[in-house]
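The values are calculated or read from the model by the stated rules, or taken from the named source; none is laboratory data. All values reported here derive from a predicted model rather than from experimental measurement. Cβ placement follows ideal geometry from the backbone for every residue including glycine, while neighbour counts extend to all protein chains displayed. Only protein heavy atoms, including side chains, enter the accessible area calculation; ligands, DNA and RNA are left aside. Shrake-Rupley method; radii C 1.70, N 1.55, O 1.52, S 1.80 Å.
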Amino acid sequence: MVLRPLGLGDLLTGVPAIRGIRAAVPGHRLVLATTRALEPLAALVDAVDEVLPAVELEPLDWTGPPPELAVDLHGKGPLSHVVVADLHPQRLLTFDSPGYPGPTWYPDEHEVRRWCRLVSEGLQVECDPDALDLAVPSVTPPVSGVAVVHPGAA
């Protein structure tokens, strides 16, 4: 289970870390908890098997057994850590905060590198911060020959 229920740019900056998590647990089903609006985009991340609709900092509507691994790619503090900890995973990966051991959060670190470092240090796996590509959607684009992405556009 991976928590990342934020905006477009946030999901995109988390893609390399999600791929790193997939590399660490290749035989497992990877569930990404993200917003409903981002479900179509999340489906283009080749490491994601299932999308669980989520709302920022609210409990997840998870009916399955406790996951073997839950990763907080939402933030550094206990509010988001509680969301994944409440699933009672066998293993929890978060940044260090009161009651939650983990790697140190550096506020000036680039976000893509920050999430890759969490995964690399926490799961002892390589995580390539340049692995940002998504699959090409299987729909006809409204315009051809262009691609427009505006992180932060919600």
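So here's what we get for this one:
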read-out	value
Checklist (1) within 16 Å of Leu92 (Cβ to Cβ); (2) in contact (Cβ under 8 Å) with a residue 12 or more places away in the chain; (3) of a type outside the set (D, E, K, R) applied to Pro65, failing item	(2)
Matching entry among Asp108, Asp61 (being exposed (fewer than 15 other Cβ atoms within 10 Å of the Cβ), of a type outside the set (Val, Ile, Thr), in contact with a strand residue (DSSP E or B) (Cβ under 8 Å, 6 or more places away or on another chain) and part of a loop (DSSP other than H, G, I, E, B))	Asp61
Test result for Arg114, under 17 Å from the mean Cα position of the chain (by Cα), among the charged types (D, E, K, R) and within 23 Å of His28 (Cα to Cα)	no
Criterion violated by Glu111 - all others in (1) in contact with a Ser or Thr (Cβ under 9 Å, 6 or more places away or on another chain); (2) of a type in the set (D, E, K, R); (3) modelled with pLDDT of 95 or more satisfied	(3)
Which listed residue is touching a residue at least 24 places away in the same chain (Cβ under 8 Å), open to solvent by less than 70 Å² (accessible area, probe 1.4 Å) and farther than 19 Å from Val112 by Cα, from Val2, Val45, Val31, Val15	Val31
Filtered residue count, region 69-105, keeping only those that are assigned to a loop (DSSP other than H, G, I, E, B) and of a type in the set (Val, Ile, Thr)	2
Leading residue by the ranking (nearest to Pro107 (Cα to Cα)) among those in region 76-95 that are open to solvent by 10 Å² or more (accessible area, probe 1.4 Å), of a type outside the set (A, V, I, L, M) and free of Cβ contacts under 8 Å to residues at least 40 places away in the same chain	Lys76
Residue within region 13-24 that is among the basic types (Lys, Arg), in contact with a strand residue (DSSP E or B) (Cβ under 9 Å, 6 or more places away or on another chain), modelled with pLDDT of 95 or more and outside any loop (DSSP other than H, G, I, E, B) present	no
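Yes or no, residue by residue, for (1) open to solvent by 80 Å² or more (accessible area, probe 1.4 Å); (2) in contact (Cβ under 8 Å) with a residue 24 or more places away in the chain:
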| residue | (1), (2) |
| --- | --- |
| Asp49 | yes, no |
| Ala70 | no, yes |
| Val112 | no, yes |
| Gln124 | yes, yes |
| Val143 | yes, no |
